[in-house]
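Trainee: Before we start, here is the structure in question, set down as C-alpha cells.
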Amino acid sequence: MPEGAERNALAEDCQRCPELAESRTCISWGNGPLSADLVVVGEAPADGDPEAEHWRGGNLTGMAYTSRRSGRKIRQVLADAGFGHDDCYYTNAVKCHPPENRDPTDAELANCRPSLVEEVEAIEPAAVLTTGKHATKTVLALDDDSLDGFLDSMLDPLQSEALSVPVVPLLHPSYQEVWLSRLGYSYDEYTAAIADTVTSVDDT
C-alpha cells in the first residue's frame, strides 16, 4: 500500500468531465516513485470500500490502484514478476470514479489523456504497462491508433511514438483469473512472461 506522500497530484481540482466530477469522492492521482522504471496504467479508480483497513480504493484514498480487488492484486503480480514498489508508478487512464462503476467514455478518456502524458514525460520510464482494454485504448489513441482485439495484444509490446516508450498490454487484474485459464497460462507462467517481456523491451 503506497504512502499518502507518494500521491502525485497534478492539480487541485478538475471539472473537465462534469459527470465524473459530480460522482467522485476525490480525484485518484498517480502514486509511486517519480524515478520508477515502469508506469502502470489502470482504467479508472474503484468506488472504494470505506470499511477496509488499508485497501479502500482510489475514490477514497485519492491514489490509483489502491483497492483490494485490483490494486493489491496488480502490485502483487508485478512483485512476483520481479518489479517491486520502487520500480513502479501507478496511475489511471481516467482519474475519477465513473458512476455505477460504468466504463469510461471516449470523451472522458480524452479529457484525462494530457495528465497521463504529463506523468509519463516526467517519469521517463523504460516501459508503460497498460492493464485492460480501456487503459490500452487510451495510450494507443495518442498515436491515433486503435485497438483490434485486446486479448490478441496482451504481452505484445507496441512502440508509442507519442510517449517515446514501449507499451506492454497486460490483463486487467480484476479479470485475470478468468482470462489466464482461457489463454492457457498458469499464474507463474503469466508473471514469468511479464518479466521476460519487460526485460526484453528494457534492453532494446
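The values are calculated or read from the model by the stated rules, or taken from the named source; none is laboratory data. Since we're looking at a predicted model, the values are computed, not measured. Note: ideal-geometry Cβ built from the backbone for every residue, glycine included; neighbour counts use all protein chains shown. Note: accessible area is taken over every heavy atom of the protein model, side chains too, but ligands, DNA and RNA are not part of it. Shrake-Rupley method; radii C 1.70, N 1.55, O 1.52, S 1.80 Å.
Trainee: Report whether or not E19 is acidic (D, E) and open to solvent by less than 50 Å² (accessible area, probe 1.4 Å).
Mentor: For E19, the condition - acidic (D, E) and open to solvent by less than 50 Å² (accessible area, probe 1.4 Å) - is not met.
Trainee: Give me a count of the residues in the stretch 18-46 that are outside any strand (DSSP E or B) and out of contact with any Leu (no Cβ under 8 Å at 6 or more places or on another chain).
Mentor: 19
Trainee: Output the number of residues of the stretch 149-180 satisfying the condition of being over 25 Å from I123 (Cβ atoms) and open to solvent by 20 Å² or more (accessible area, probe 1.4 Å).
Mentor: 7
Trainee: Something else now. Do we find a residue being more than 13 Å from the chain's Cα centre (by Cα) and under 30 Å from A193 (Cα atoms) anywhere in the stretch 10-31?
Mentor: no
Trainee: Among the candidates E43, E19, E100, single out the residue that is of a type in the set (D, E) and without any contact (Cβ under 8 Å) to a residue 60 or more places away in the chain.
Mentor: The match here is E100.
Trainee: Please pick out the residue among G32, G48, G42 that is at pLDDT 95 or above, at positive phi and not aromatic (F, W, Y). Write out each step before concluding.
Mentor: Working: G48 fails: at pLDDT 95 or above; G42 fails: at positive phi.
None of the other options fit; the residue is G32.
Trainee: Is at least one residue of the stretch 69-80 modelled with pLDDT under 95, within 16 Å of L171 (Cβ to Cβ) and not in a helix (DSSP H, G or I)?
Mentor: Yes, some residue in the stretch 69-80 is modelled with pLDDT under 95, within 16 Å of L171 (Cβ to Cβ) and not in a helix (DSSP H, G or I).
Trainee: Can you tell me how many residues within the stretch 47-65 are touching a strand residue (DSSP E or B) at 6+ places or on another chain (Cβ under 7 Å), surrounded by 19 or more Cβ atoms within 10 Å (Cβ to Cβ) and not in a helix (DSSP H, G or I)?
Mentor: 7
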